[in-house]
1. I112: among the hydrophobic types (A, V, I, L, M, F, W, C) and touching a helix residue (DSSP H, G or I) at 6+ places or on another chain (Cβ under 7 Å), yes or no?
2. Do we have any residue at all in segment 66-88 that's out of contact with any Phe, Trp or Tyr (no Cβ under 9 Å at 6 or more places or on another chain), under 21 Å from A151 (Cβ atoms) and either at pLDDT below 95 or among the small types (G, A, S) (or both)?
3. Which condition number does E40 fail, the rest of (1) open to solvent by less than 40 Å² (accessible area, probe 1.4 Å); (2) under 26 Å from V163 (Cα atoms); (3) modelled with pLDDT under 95 being met?
4. Identify all residues within segment 53-101 that are of a type in the set (D, E) and within 19 Å of the chain's Cα centre (by Cα); write none if there are none.
5. I'd like the full set of residues that are under 15 Å from G139 (Cα atoms) and among the acidic types (D, E), limited to segment 73-97.
6. How about segment 127-164: which of its residues are among the charged types (D, E, K, R) and either part of a helix (DSSP H, G or I) or open to solvent by less than 50 Å² (accessible area, probe 1.4 Å) (or both)?
7. For K100, only one of the following conditions fails: (1) in contact with a Pro (Cβ under 9 Å, 6 or more places away or on another chain); (2) assigned to a strand (DSSP E or B); (3) surrounded by 13 or more Cβ atoms within 10 Å (Cβ to Cβ). What is its number?
8. Looking at (1) part of a strand (DSSP E or B); (2) open to solvent by 20 Å² or more (accessible area, probe 1.4 Å); (3) closer than 26 Å to E155 by Cα; (4) without any contact (Cβ under 8 Å) to a residue 40 or more places away in the chain, which is the only condition S61 fails?
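The values are calculated or read from the model by the stated rules, or taken from the named source; none is laboratory data. Just so it is clear, the model here is predicted, and its values are computed rather than measured. Cβ sites come from the backbone with ideal geometry, for glycine too, and all protein chains shown count toward neighbours. Ligands, DNA and RNA are stripped out before the accessible areas are found, and what is left, the full protein with its side chains, is counted by its heavy atoms. Shrake-Rupley method; radii C 1.70, N 1.55, O 1.52, S 1.80 Å.
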Amino acid sequence: MMSRIQARLLLGVCLLLGALTAGSFTRAEESLVWIEKASEGFISLAYGSLDPAEPPLLLLSCFNGMSIAVLDVHTEIDGARPGEPITLVLATGDAKLQVKGEAARDDASGMIFAEASNIAVKPVLEVLRKSGPLTVTIGQTSATLSDQGRADAVETFSKDCEVD
């Protein structure tokens, strides 16, 4: 027979585990994910929050009608000024790609981020198709992006994007 102290201890442990589990679901919802979207000639591949109000950390945009692709990396680039040339380095495993771009200012937040316009999409997709985390480096700034869900998002994006 279970004593009162043991029953209270068991109840306390169950409540604690329930609180910890509820917290882990909240953290999972706040985590960053790979998302592909297509709408009337605009295709995007993003790594970011599911919250549409939050800009994604990485955004590859394909404008089929204009045959233009743009790569944005929304992370603060210390010391950069808008319009200043920068190099974005994408690396996964043994695959590495340098993309020339420039620093840009986010009008809403004032943050300086990286933007590469009119880029070739296929070399970017080759790096993104490799397994393992993706490291994005801009000068001294670096971020590592998970590969969970990336393969499916990249595959769908590559079918919809007609820009080379």
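1. Judged against the criteria, I112 is not a match.
2. no
3. (1)
4. E54, D72, E76
5. E76, D78, E84, listed by residue number.
6. Pass one, segment 127-164, residues among the charged types (D, E, K, R): 129-130, 147, 150, 152, 155, 159-160, 162, 164.
Result: R129, R150, D152, E155, K159, D160.
7. (3)
8. (2)
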